[in-house]
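The values are calculated or read from the model by the stated rules, or taken from the named source; none is laboratory data. Worth saying up front: this structure is predicted, and the values here are computed from it rather than measured. Quick reminder, even Gly has a Cβ in these numbers, built from the backbone with ideal geometry, and neighbours come from all protein chains shown.
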Amino acid sequence: MWLNQSCLEGGVEMWLNQSCLKIDTASVLKEDCSLSETFFKRTATDEQCIEMYKHMVQGRIFDGIALKFQRQGKIKTYPPIRGQEAAQVGSAYALNSNDWIYPSYRDIAASFVHGMPIDKFFCYTMGKMAGQHLTDLSIFPIQIVIGAQFLHAVGGAWASKYKGEDSVSVAYMGDGGTSEGDFHEALNFAGVYKLPVVFFIQNNQWAISNPIHKQTASQSIAQKALAYGITGIRVDGNDVLAVYEATKLAIEKAKNGEPVLIEAVTFRQGPHTTADDPTKYRDQAEVEQWLTNDPIERMKKFIITTGLWDERQEEELLNDCEEIVLKAYEKALTIEKTTIPKVLRATYETMPQNLVRQLQQRGEV
Amino acid sequence: MMEMTIVQAINTCLTQAMEHDETILCLGEDIGKNGGVFRVTDGLMERFGERRVVDTPIAESAIIGAAVGLATRGLKPIAEIQFLGFIYEAMDQMVGQAARLRSRTEGTVTVPLVVRAPYGGGIHAPELHSDSLEALFLHSPGLKVVMPSTPSDAKGLLAAAIKDPDPVLFLEPLKLYRTIKEEVQEEYYEVPIGKASIVQEGAHVTIVTYGPSVVTVKQAVAQLQGQGVSVEIIDLRTIAPIDYETIIQSVDKTGRLVVVHEAAKTGGVGAEIAAVIAENCMYAMHAPILRVTGYDTPFPVSSIEAEWMPTVARIVSAVQNVMKE
Amino acid sequence: MYDFLLPDIGEGLHEAEIVGWFVKQGQKVAINEPLVEVQTDKAVVEITAPITGVIEKLGGEQGNTITVGSLLCQFSKTSDSSPPQQTQPLGEKKEESIPEEKIEFSVLGRVKAAPSVRKAARTMGINIEEIQGSGPNGRVLRCDLDRHAKQSSSPIALVQNKSKRSEDEVNENKIIPIRGLRKAIFENMQKAVSKAVLCTGMEKINVTKLVDFRKSIQQLPEMKDKKITYLPFFIKAVATALQEHEQFNAKVDEDQKALVILPYIHIGVAVATSDGLLVPVIKHANKKSIFEIAEELESLLAKALSKKATVEDLTGSTFTISSTGKDGATFATPITNYPEVAILGTHKIVKEPIVVEDTIQIGHTMTLSCTFDHRVIDGEPVNAFIRSVAGYLEEPTRFLL
């Protein structure tokens, strides 16, 4: 299950290549949605299972409404999360509140689980700067540049270690980001300094229009950990329990100076963003195939068959989730708008002469 | 007071700052045991240990990116980029991240980071070891760019950069590292960022300059002494933010301006200074504004670098030209 | 009626073609139910209803192209939620005021001269185009101006100039351009009156005790070199009252149709200067003592009068006081400092007969005028607010509580 340097011991001849590695995808839920202990012993309690399920549903309901709101002009560009709920929720649910997350723009459900109020994200998509006031929640500002946040997480983990804090930094990224230099430099630094950091990759198969096999020639993303002397694991990203267990174990390792790269194998069911049309580059057959492996459907089947959940509760949950999202939108509407003077004032702690003059030229004096 | 070079002044400032503030740590390539390729950080690792003086892998983006991460979590990293020409590797982390986090979060996340880097020509170094790239950062809102030319300014400005709540790029003129010595106050002190210094007062023409060109300008002005021209020399010391007030006041008085810097001409700091003066001092002007700079080419091979950089002759000639008006 | 305009649904789109409607005229739709499918340059996209309502009109038929920002369909509103903010079509800017100031200029000839020489020519009243330059390439030099001035300063020329000017004065209106601070005041007043619905409540109050209170403070030995005015008391009273009446410490957000209650109390004080009104701001006035307010006010006023006030000093108020002073009117209808929702006028203190328990006594009274934005505040809360302010000014010992 864990990929580390010992995987290369013994069996390696002169040439090191992919055949030296056997890579499994760790899971908890079997195909029929019953439990398997091949990889993990399930530690999530029944209550935690339900809670994770609720978070996933909340994420999906939010996603649906956000998409509609974007089409209605109520919010601007939005990156849908549909299909990635298990990967985001399972990982974030394994964290303590003093652990930090370093999200990219699509890690919305993970951020909600870690405490980001939904109205903040609405603000973000409405162009209100208040959407990025998140640090009191140990959530680093949402990153737009692919990969840059991995180095910030390394710095954050370094700061934790330097100050002796019991906190892990978890950085989120997609498969496309693993081609960026910052990804490799981050893993390298983490390995050299043995930092308490977990790199969480959602391999959703597509980076806008570029499929994973055009992104990398590696047979897995997880194996990239080996090159940097850190530990890797490949986990079924549509299996929330597997993601949860893997992240929990990874955090323990990271706290002991063993950084971990997690590859959660999942699928982006929707477009890259609301400005994208995936039918231009992606076969519907592939989408249909993945829809049969929907993360929420799988977990729902598991909790229903084990008697933890029923359709009445489901209906109630859907209504609650929708109400929460609509209320959050109403709240976001009341939050103060960003103005040019505010932006001028927010660029430095003290406004330098050039900005003071620009403010004066607007007649704001 | 003690006689120091720029290298000694910076080293002293780092030592004093680190002694007083446990949150400061230095990171960069070869800065530990080796003391930096210019020995600016000599002795720091011995004194403060590997926890606070960190040799990094060769990865400029990671040095700045990790420093951003450190700075946003309550520490005060001082990162070194071995030569300014190598900072291209870290442009997103400098400009897309460090400079913008405050603005992105409306001040809820700040990046109190210092990035030190030697720059400029004159030591016959290989390619990309002599670049003056300050204009790239002048055009990057959110950053401050400090460029001292003397040991005492270097010491005081570095102290101010360390205290500054915003990211500061602290650029060290490598040609002057050891060539100038002056009496420097031993106690810890600050020189304010954003304040130019009037090196010499004059009535007929203002020369605005900074960094290694300050020395060349002084030589040129000495040449002009016998010709009855009274030159005011302004050392900007900080190029972002520019000290508008000092330069406007000076040009209002003299009515003539020459800007001198080593970086390429087009879109450089001189262009910005010229624009500021055109906007604010037009009716005081007796003559066109002239720039004496490097040429609009990449920094050239070492055999011709002396001729490429602003020379005394080019500065003298520019001053004579504006004085003819 | 609610006009739903086609939003920009794909980062910089210009138009979309209607693929098909899911609704027809007269049909009732609920919020978030499918409305129409459109084809943009980037994708085929389903648009849902932004509000619940009945479709009054469709903006186009299948196959029609609609530009971003024009009517997609019209609803007669049935839901009471506020209609959402609409997208601005690309390239169109929000109501930006284009300056209409008329500029007088002459087409310049081709005479060459340094800017400093041109300025000198203007100052000396010389038309530089008429001068033959002696510099390189015929450039006009400063010495050419001096020479010209000497030549033309004959008595005849002076007389001619003078007589012409006096004629002008008789026949022309005196024009004072509206610029700078006056222009800012002009625009802000205009905005307040055109947007807000203003109404003023007035009240006369008995401030006999306040007059005594201030006098006793003034006599304290530590006040020997200082003078305390009534204004800090007014500021303190208002700031304290605002804590209890938070809807007065607010502003209107027109776009979101919301009353935004502000989390801090910053009191602006309208002050007359030679250029016009300035409004220095006492930040967090409710957390400051009367003395602190007095000191800060004094320094802000000094800065404002000497034109040294910074942007910070003059902006950010959440409520404004307009003090008309001891030579001012008894009542007034002050105009709000838009988008603030109310302003309080404080007027002169006068000696007057006052009825106290069926006897007439001589006491001090003053008047308060509170103008408020009636769109968001009703009359009753205004009475309560004025009473609350008056409570402190009539019983100044309450300041100590």
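Annotations for the structure displayed:
- Filtered residues of region B:217-241 (kept if of a type in the set (Ser, Thr, Tyr) and over 18 Å from B:Ala154 (Cβ atoms)): B:Ser230
- Elements of type strands (runs of 3 or more DSSP E) contained in region C:1-76, each with 3 or more residues being out of contact with any strand residue (DSSP E or B) (no Cβ under 8 Å at 6 or more places or on another chain) and within 14 Å of A:Gln70 (Cα to Cα): none
- Of all residues in region C:110-143 being loosely packed, with under 10 Cβ neighbours inside 10 Å and modelled with pLDDT under 85, the one that is farthest from the other protein chains (Cβ to nearest Cβ): C:Arg110
- Residues that are more than 24 Å from B:Glu127 (Cβ to Cβ) and in contact with a Gly (Cβ under 9 Å, 6 or more places away or on another chain), drawn from region B:261-289: B:Cys281, B:Ala284, B:Met285, B:His286, B:Ala287, B:Ile289
- Residue within region B:245-259 that is part of a helix (DSSP H, G or I) and of a type in the set (Lys, Arg) present: yes
- Exactly one residue out of B:Met1, B:Met45 is modelled with pLDDT under 95 and over 30 Å from A:Tyr102 (Cα atoms), and it is B:Met1.
- Residues of region A:34-75 that are farther than 19 Å from A:Glu297 by Cα, within 21 Å of the chain's Cα centre (by Cα) and surrounded by fewer than 22 Cβ atoms within 10 Å (Cβ to Cβ): A:Leu67 alone.
- Remark: B:Gln8 falls outside the filter, which requires a residue to be under 20 Å from B:Pro112 (Cβ atoms), modelled with pLDDT of 95 or more and outside any loop (DSSP other than H, G, I, E, B).
- Those residues of region A:141-159 which are more than 7 Å from chain B (Cβ to nearest Cβ) and of a type in the set (Phe, Trp, Tyr), in sequence order: A:Phe150
- Candidate set: region A:161-186, residues that are facing chain B (nearest Cβ under 7 Å) and either in contact with a Pro (Cβ under 8 Å, 6 or more places away or on another chain) or hydroxyl-bearing (Ser, Thr, Tyr) (or both); chosen: the one surrounded by the fewest Cβ atoms within 10 Å (Cβ to Cβ): A:Tyr162
- Listing of strands (runs of 3 or more DSSP E) fully contained in region B:168-209 that carry 2 or more residues being of a type in the set (A, V, I, L, M, F, W, C), exposed (fewer than 15 other Cβ atoms within 10 Å of the Cβ) and more than 13 Å from the chain's Cα centre (by Cα): none
- Residue check for B:Asp243: away from chain A (no Cβ under 14 Å) and crowded, with 21+ Cβ neighbours inside 10 Å: no
- Of the residues examined, A:Ile233 is not one that is crowded, with 18+ Cβ neighbours inside 10 Å, of a type in the set (A, V, I, L, M, F, W, C) and without any contact (Cβ under 8 Å) to a residue 60 or more places away in the chain.
- Criterion: out of contact with any Gly (no Cβ under 9 Å at 6 or more places or on another chain), farther than 22 Å from C:His374 by Cα and aliphatic (A, V, I, L, M) - qualifying residue of C:Leu220, C:Leu259, C:Leu242: C:Leu220
- At least 3 residues being within 14 Å of chain C (Cβ to nearest Cβ) and surrounded by 13 or more Cβ atoms within 10 Å (Cβ to Cβ) is the threshold, and among the helices (runs of 4 or more DSSP H) wholly inside region A:262-362 those reaching it are A:311-334, A:340-345, A:353-361.
- Looking across region A:108-140, the residues that are within 14 Å of chain B (Cβ to nearest Cβ), surrounded by 21 or more Cβ atoms within 10 Å (Cβ to Cβ), farther than 21 Å from B:Gly74 by Cα and more than 15 Å from the chain's Cα centre (by Cα) come down to A:Lys120, A:Cys123, A:Tyr124, A:Met129, A:Gly131.
- Residue match in region C:280-287 (condition: more than 14 Å from chain A (Cβ to nearest Cβ), in contact (Cβ under 8 Å) with a residue 60 or more places away in the chain and within 30 Å of A:Ala332 (Cα to Cα)): no
The rows are residues; the columns are (1) in a loop (DSSP other than H, G, I, E, B); (2) modelled with pLDDT of 90 or more; (3) charged (D, E, K, R).
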{"position": "C:Ile217", "(1), (2), (3)": "no, no, no"}
{"position": "C:Ile235", "(1), (2), (3)": "no, yes, no"}
{"position": "C:Ala239", "(1), (2), (3)": "no, yes, no"}
{"position": "C:Leu242", "(1), (2), (3)": "no, yes, no"}
{"position": "C:Gln247", "(1), (2), (3)": "no, yes, no"}
{"position": "C:Tyr264", "(1), (2), (3)": "yes, yes, no"}
{"position": "C:Lys303", "(1), (2), (3)": "no, no, yes"}
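- For B:Gly36, the conditions (1) surrounded by fewer than 20 Cβ atoms within 10 Å (Cβ to Cβ); (2) on the phi > 0 side of the Ramachandran plot all hold with the exception of (1).
- Test: residue in region C:344-356 that is under 18 Å from the mean Cα position of the chain (by Cα) and under 25 Å from C:Ser194 (Cα atoms): yes
- Among the residues of region C:287-302, those identified as buried (at least 19 other Cβ atoms within 10 Å of the Cβ) and over 20 Å from C:Leu393 (Cα atoms) are C:Glu296, C:Leu300.
- Residue within region C:378-389 that is surrounded by fewer than 21 Cβ atoms within 10 Å (Cβ to Cβ), at pLDDT 90 or above and not in a helix (DSSP H, G or I) present: yes
- Tally, over region B:269-281, of residues that are surrounded by fewer than 23 Cβ atoms within 10 Å (Cβ to Cβ) and in contact with a strand residue (DSSP E or B) (Cβ under 7 Å, 6 or more places away or on another chain): 1
- The test for being within 23 Å of the chain's Cα centre (by Cα), over 21 Å from C:Glu394 (Cα atoms) and crowded, with 19+ Cβ neighbours inside 10 Å does not hold for C:Ala239.
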